[in-house]
Structures are given as structure tokens and as C-alpha cells.
Amino acid sequence: MDKVITISREFGSGGRELGIKLAEELKVPFYDKELIGLSAEECGLSEEKFLRYFENIPELQNSLDPQSYHPFSFSYEIPMSDQVFLAQARVIKKLAEQGPCIIVGRCADRVLEDSIDLFVYAKMEERLKRMNSLNTGTDPDTMENRIREVDKKRKEYYQYYTGCEWGKAQNYHLCLNSGLIGVEGCFHTALAYLKCFLKTSQ
């Protein structure tokens, strides 16, 4: 395996779990929340401040808020949310240069030009069932609202920074319905696809 694998996912579909399983099987690094610290360091912010702008788009912020800009940056006129995205993109490219790995979310499928891109999805009832099985202590109605809010935020963020439609099959190499076959089924399907992908690309 000499490719970076990116995983985009609907909230509660098990995309992160799939990424961990693939990384363990392929013996490559796994990056998800780990990117937050690396990206914060890249743009010279604390993780706390970085998270204030992470996965936000300028329209959702108060343009008159002085906190929206970093006065010590050469690109101080660029909204902080854009600076955070660019820093994150630089980190993703640096990680890709180091060798194969698994990257979850962060528009990595569009930041990188030669990655294998997966999208994991499931029906709402299947995602609710999965999230409730994790004993989060959240009632089903609240959890469903949270799922919809997170998906909406991911979709808007992805489309703002990439100009592409989040979740559209043509934008990925492989789309996996975890509601039908579970994360384990997605894992074996992804491995079979990767095997065929690498064979045909040689």
C-alpha cells in the first residue's frame, strides 16, 4: 500500500472505526483528531483557539469580530477560519509526503490529488441505533438532532472549501453503506476494493 486513504463519513456511520481498523490492518498511521494539534501548531494557535475556528466557514462568523483575524499573521486580512483550513491542508500534504496513512475528514480527499477516497453512510435509524449502543446517555430525539446538525455542518464546510458536493458518489472511489453490512462488512469490502485498485494501477 503506497497510497493515502481518506475517509469521509456521515456522523454515526462508523467511518472513524473503519479508519482505525484499516490502519491496523495495513500497518499505516491513522489521523483524525490528531490533526487538530498538528494544525494548531502549524498556524501558531493554541488548540483551544484553533477549535473556535475549526470546521467553520466565514459566513457563519461575525465579520466585525476582531477575534476573526490573527494580527501576527502575514495574511491577517484573511478570516481565521480560512487560515485554519489552509494550515490544516498544509499538514495533510506533509503527512502524505511522509508515506501511506489513513486520514478521516478534513476535506483530505480534495486536498490530496492522488489519494483513495472512501465515503461511509447509513440510514438515520441505523446511525441512531449505533450511537445509542455507545451508551452516550443522550435520548434518541436529541441524538437525531445532533446527527443532523453535524452532517449539515460537514456538508456546508466541505462544499465551501472544495466546491464539490459532500456525499455525492462521483466524488469518491468507493461509497459504503455501513447500515447494511456494519463496519466489519465495510472493512472487508474496502480491503477487497483496495486490492483490486492497486492491482489495476500497477
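The values are calculated or read from the model by the stated rules, or taken from the named source; none is laboratory data. This structure is a prediction, so every number in the text was calculated from the model and none was measured. We place every Cβ from the backbone using ideal geometry, glycine too, and count neighbours over all the protein chains shown.
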Item to check | Those residues of region 167-181 which are in contact with an Asp or Glu (Cβ under 6 Å, 6 or more places away or on another chain) and part of a helix (DSSP H, G or I), in sequence order | outcome: GLY179
Checklist entry - Are any of the residues in region 157-171 under 13 Å from GLY15 (Cα atoms), among the aromatic types (Phe, Trp, Tyr), surrounded by 19 or more Cβ atoms within 10 Å (Cβ to Cβ) and in contact with a helix residue (DSSP H, G or I) (Cβ under 8 Å, 6 or more places away or on another chain)? => result no
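Find the residue count for region 185-196, including only residues that are surrounded by fewer than 16 Cβ atoms within 10 Å (Cβ to Cβ) and touching a residue at least 12 places away in the same chain (Cβ under 8 Å). Let's see the steps before the verdict.
Step one: filter region 185-196 for residues surrounded by fewer than 16 Cβ atoms within 10 Å (Cβ to Cβ), giving 185, 188, 191-193, 195-196.
Subset that is touching a residue at least 12 places away in the same chain (Cβ under 8 Å): 191, 193.
Number satisfying all stated conditions: 2.
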Item to check | Any chance PHE50 is outside any loop (DSSP other than H, G, I, E, B) and either modelled with pLDDT under 65 or farther than 20 Å from LEU112 by Cβ (or both) | outcome: yes
Checklist entry - Would you say ILE5 is closer than 30 Å to LYS129 by Cβ, among the β-branched types (Val, Ile, Thr) and modelled with pLDDT of 80 or more? => result yes
Item to check | Answer residue from region 12-44, given it is surrounded by fewer than 20 Cβ atoms within 10 Å (Cβ to Cβ) and within 11 Å of the chain's Cα centre (by Cα) and is nearest to PRO100 (Cα to Cα) among those | outcome: ASP32
Checklist entry - Which one of these does ALA108 not meet: (1) surrounded by fewer than 14 Cβ atoms within 10 Å (Cβ to Cβ); (2) among the small types (Gly, Ala, Ser); (3) in contact with a Ser or Thr (Cβ under 7 Å, 6 or more places away or on another chain)? => result (1)
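Within region 1-22, can you find the residues that are part of a loop (DSSP other than H, G, I, E, B) and farther than 17 Å from LEU95 by Cβ?
First, pick out the residues of region 1-22 that are part of a loop (DSSP other than H, G, I, E, B): 1-4, 10-14.
Hits for region 1-22 are GLU10, PHE11, GLY12, SER13, GLY14.
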Checklist entry - Looking only at region 80-107, which residues are touching a helix residue (DSSP H, G or I) at 6+ places or on another chain (Cβ under 6 Å) and without any contact (Cβ under 8 Å) to a residue 24 or more places away in the chain? => result ALA89
Checklist entry - Limited to region 82-117, what total is found for residues that are part of a loop (DSSP other than H, G, I, E, B) and within 21 Å of LYS155 (Cα to Cα)? => result 6
Item to check | Filter result (outside any helix (DSSP H, G or I) and touching a residue at least 60 places away in the same chain (Cβ under 8 Å)) within region 138-166 | outcome: TRP166
Next on the checklist: Checking VAL120 against (1) in a strand (DSSP E or B); (2) at pLDDT below 95; (3) β-branched (Val, Ile, Thr): exactly one of these is not met. Which one?
Outcome noted: (2)
